[in-house]
Every structure is written in C-alpha cells, then in structure tokens.
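Each value in this text was obtained by applying a stated rule to the coordinates, not by laboratory testing. Please read all numbers here as calculations on a predicted model, not as lab measurements. Here the Cβ is made from the backbone with ideal geometry for all residues, glycine too, and neighbour counts use every protein chain on show.
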Amino acid sequence: MKRATIAAAAIALAMTGFGPAAGAYAEGDPAKGKRVYRKCQACHSVAPGEAKAAGPNLFGIIGRQAGTGGYGYSDSLIEAGEAGLNWSEETVDAYLRDAKSFVADWLGVDRRKVRDKMNFRLRSEAQRADVIAYLISLSK
C-alpha cells in the first residue's frame, strides 16, 4: 500500500509540475550540488551524527521516513511520515520547491493548516537536481 501511495504521489508530482523531468537526478551534478548546498548549511548538516539547532541532519535523507531522525520536526511533517511519506529523489525535489504546499498536498489539507519549519524554497529545477545528487553522493 505504501509503495502505491508513493508511486501515486510521484506521478501526481510530475503531472502538477512539482517533479523534475525524467532522469533529472541522474543528470544532477554533485559538485554543483555541493555549491548549492551552501544555501542550506546554516540550518542543516550533512556530516554523519552532527546536529544543528535550526534543521535536521541531511546525511542519508534519501530513503528515510519523513519526520524521523532525531530532530524536533513539526507535527505536520511527523504526521506526513506516519502517513507513509518517505524521502525519495522526487519527494525531496517537491519539498525543496515548496515545503508547505508539498506537505499540505501529501496530507490532503489546506496549506494554511500546515505548520512546517522549512521556509526556504529552491526554485531552480537544475539546482534542486544538483543538490539532490550531492546528498545522494554523500551516502555512497
């Protein structure tokens, strides 16, 4: 059931324009992504086990259940994780584009009811693909 939900969400993301073109992550450049990540490092760490007060550690984020991993996540993100949201290339892409709208869509609630701590948006599809490629490269 969870796989069907994730697959349906990925399809919906692609149809709504939230997801990137097919193969965009494979084409993402980890070196460029490392530079893009500088926008994220004030709040996030990618070093295994390192914590920052403002945001969760992103090491190994792909495959992780949303709202887990030793950080004080918002109730909305914890609820999304409990409802089956696991971080994949597609879901991270959509989240980086507009976190609050993505979580609201995942939960099927009005955007105004979502409380999410991520206020940053990464609007460039190429930069999102690059930073996702960088995050994936860290776990290899």
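Miscellaneous remarks
- Dipole of the range 83-140 [Lys/Arg +1, Asp/Glu -1 at C-beta], most positive-end residue of Ser139, Val114, Gly84: Val114
- Restraint check, Lys32/Lys52; Lys39/Lys140; Lys113/Lys140, Cα-Cα greater than 28 Å: Lys113/Lys140
- Summarising the label geometry, the points placed 7 Å from Cα in the beta-carbon direction at Arg115 and Ala83 lie 1.6 nm from one another.
- Gain on full stretching of the segment that runs from Gln41 to Ser139 - 0.36 nm per residue minus C-alpha separation: 33.6 nm
- Cβ-Cβ FRET estimate between Ala126 and Asp75, R0 fixed at 30 Å, reported to 0.05: 0.35
- Placed amide H near Asn86: partners under 5 Å, 5+ positions off or other chain: Ala66
- As computed over the range 64-131, the Cα convex hull volume per residue (Å³): 85
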